[in-house]
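A short write-up of the structure that comes next.
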């Protein structure tokens, strides 16, 4: 029995990056042998075990045979006769198809080290086409390593496009699509994930709501980049700089989906796109089973980003209505995330990435002022029900009026 460190830990060590987890492959062993040493079986579709002390994953070397469409259309074969080279050959990218011996020797049958040095994401073999999840993984690795200068090899891009054209991508399981997307949103350069998918044609299949934004114009006065698809990824990139929250990034990605529904004769104006986007977010979230917290913030951003942008122009009563509509008094943290998503929208425009966004600071102050209001002991003793709430609302409006009179709303205008 031989044990090798494989995959990401080897790749990241050669890149000089910290390895967040280590995976191992075991060659020349049977399941009974690992179980006899205290390893705990956890794999459902193929033999994976947890080490009794480290709890790291150890997988028996295996082969895969394609028997049906999609991610689940595989039969796995494992036996003591499967070699390390056999196991590495089934992997997606050359940079993920390296192993390391206990003595530190790198085993690299597919040129992974060469591609690391060349900053290239290249498929290992034609077997890449058998699993459509690999398209998402390539896009995610492109997003992770974009800052290091990595790009997708031309032949791998061609293979990915062929997979899209053959219909293989349509067999993707929603859970796997969202899992890879969620991880991509947490990478260093999430816009690259969507750019790679668009280049190979997969964006239209997997995220038709986002793909439909390309070619839709916006007023150059407010959007120098004009194209709504370009603006969407600029906003996502700005969200990455503002926040590590996946929810904020997802909201920035989806805030303008409604612009794809604007009739052409109304271009470049997009009246009513806020509410039109809500239905599209609901559809996307339902299809991919997006967690409720992300869905709720995305809908809030789509519906309210126009009013947030106009915050400095709004009357105190309208500001209070905005706070109430966002449930800001009970969910201040979520309201804070909404403001970050709106700031990402405002600054996600060509040449305007560094401009101030005083609307966010004003609304934070407005929430603090209104939330800080309290009824007197006498009011609490004599008021109840609707009268109690109405009196509290009157006091909150007074606080917002005083805030505006103090000049806390001075600033620019954004559409």
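The values are calculated or read from the model by the stated rules, or taken from the named source; none is laboratory data. Keep in mind that this is a model prediction, so the values were computed, not measured. Using ideal geometry, Cβ is built from the backbone for each residue, glycine included, and neighbour counts are taken over all protein chains shown.
Could you grab me the full set of residues in segment 327-354 that are part of a loop (DSSP other than H, G, I, E, B) and over 15 Å from residue 365 (Cβ atoms)?
Matches in segment 327-354: 327, 330, 331, 348, 349, 350, 351, 352, 353, 354.
Examine segment 346-364 for a residue that is free of Cβ contacts under 8 Å to residues at least 40 places away in the same chain, surrounded by fewer than 12 Cβ atoms within 10 Å (Cβ to Cβ) and within 17 Å of residue 324 (Cα to Cα), and state whether such a residue exists.
No, segment 346-364 contains no residue that is free of Cβ contacts under 8 Å to residues at least 40 places away in the same chain, surrounded by fewer than 12 Cβ atoms within 10 Å (Cβ to Cβ) and within 17 Å of residue 324 (Cα to Cα).
Please state which of the following conditions residue 123 fails to meet, knowing it meets all the rest: (1) surrounded by 14 or more Cβ atoms within 10 Å (Cβ to Cβ); (2) under 20 Å from residue 62 (Cβ atoms); (3) in contact (Cβ under 8 Å) with a residue 40 or more places away in the chain.
(3)
Run residue 151 past the list (1) within 27 Å of residue 185 (Cβ to Cβ); (2) in contact with a strand residue (DSSP E or B) (Cβ under 6 Å, 6 or more places away or on another chain); (3) surrounded by fewer than 20 Cβ atoms within 10 Å (Cβ to Cβ) and report the number of the one that doesn't hold.
It is condition (2) that residue 151 fails.
Please report, ordered by residue number, the helices (runs of 4 or more DSSP H) entirely within segment 190-285 with at least 1 residues that are touching a strand residue (DSSP E or B) at 6+ places or on another chain (Cβ under 8 Å) and under 16 Å from residue 306 (Cβ atoms).
The helices (runs of 4 or more DSSP H) meeting that bar are 228-242.
Which of (1) surrounded by 14 or more Cβ atoms within 10 Å (Cβ to Cβ); (2) at pLDDT 95 or above; (3) over 24 Å from the mean Cα position of the chain (by Cα) is the odd one out, the single condition residue 339 does not satisfy?
Every condition holds for residue 339 apart from (3).
May I ask you to verify whether residue 270 is buried (at least 19 other Cβ atoms within 10 Å of the Cβ) and either touching a residue at least 60 places away in the same chain (Cβ under 8 Å) or more than 24 Å from residue 354 (Cβ to Cβ) (or both)?
Considered against the rule, which asks whether it is buried (at least 19 other Cβ atoms within 10 Å of the Cβ) and either touching a residue at least 60 places away in the same chain (Cβ under 8 Å) or more than 24 Å from residue 354 (Cβ to Cβ) (or both), residue 270 comes out as yes.
Note down all Cβ pairs under 8 Å where the first residue falls in segment 202-213 and is over 15 Å from residue 285 (Cα atoms), the second is assigned to a loop (DSSP other than H, G, I, E, B), and they're at least six residues apart or on different chains.
Going by the 8 Å Cβ cut-off, the qualifying pairs are 213/256.
Based on what the data block shows, is residue 156 farther than 25 Å from residue 257 by Cβ and assigned to a helix (DSSP H, G or I)?
Judged against the criteria, residue 156 is a match.
In segment 380-391, is there at least one residue being surrounded by 13 or more Cβ atoms within 10 Å (Cβ to Cβ), farther than 24 Å from residue 272 by Cα and in contact (Cβ under 8 Å) with a residue 12 or more places away in the chain?
Among the residues of segment 380-391, at least one is surrounded by 13 or more Cβ atoms within 10 Å (Cβ to Cβ), farther than 24 Å from residue 272 by Cα and in contact (Cβ under 8 Å) with a residue 12 or more places away in the chain, which makes the answer yes.
Cβ-Cβ below 8 Å, separation at least six or inter-chain, first residue in segment 296-318 and outside the structural domain of residue 341 (by TED's automatic domain parsing) and over 13 Å from residue 248 (Cα atoms), second in a helix (DSSP H, G or I) and at pLDDT 95 or above: which pairs?
Cβ pairs passing all conditions: none.
Considering only residues that are more than 14 Å from the chain's Cα centre (by Cα), surrounded by fewer than 21 Cβ atoms within 10 Å (Cβ to Cβ) and farther than 19 Å from residue 278 by Cα, which ones fall in segment 192-222?
Residues satisfying the conditions are 198, 199, 201, 204, 205, 215, 217, 219, 220, 221, 222.
What residue, of 12, 92, 115, 23, is touching a strand residue (DSSP E or B) at 6+ places or on another chain (Cβ under 6 Å), surrounded by 14 or more Cβ atoms within 10 Å (Cβ to Cβ), modelled with pLDDT of 90 or more and within 28 Å of residue 176 (Cα to Cα)?
23
Anything in segment 248-267 that is surrounded by fewer than 24 Cβ atoms within 10 Å (Cβ to Cβ) and either within 20 Å of residue 187 (Cα to Cα) or outside the structural domain of residue 302 (by TED's automatic domain parsing) (or both)? List them, or say none.
None - no residue of segment 248-267 is surrounded by fewer than 24 Cβ atoms within 10 Å (Cβ to Cβ) and either within 20 Å of residue 187 (Cα to Cα) or outside the structural domain of residue 302 (by TED's automatic domain parsing) (or both), so the list stays empty.
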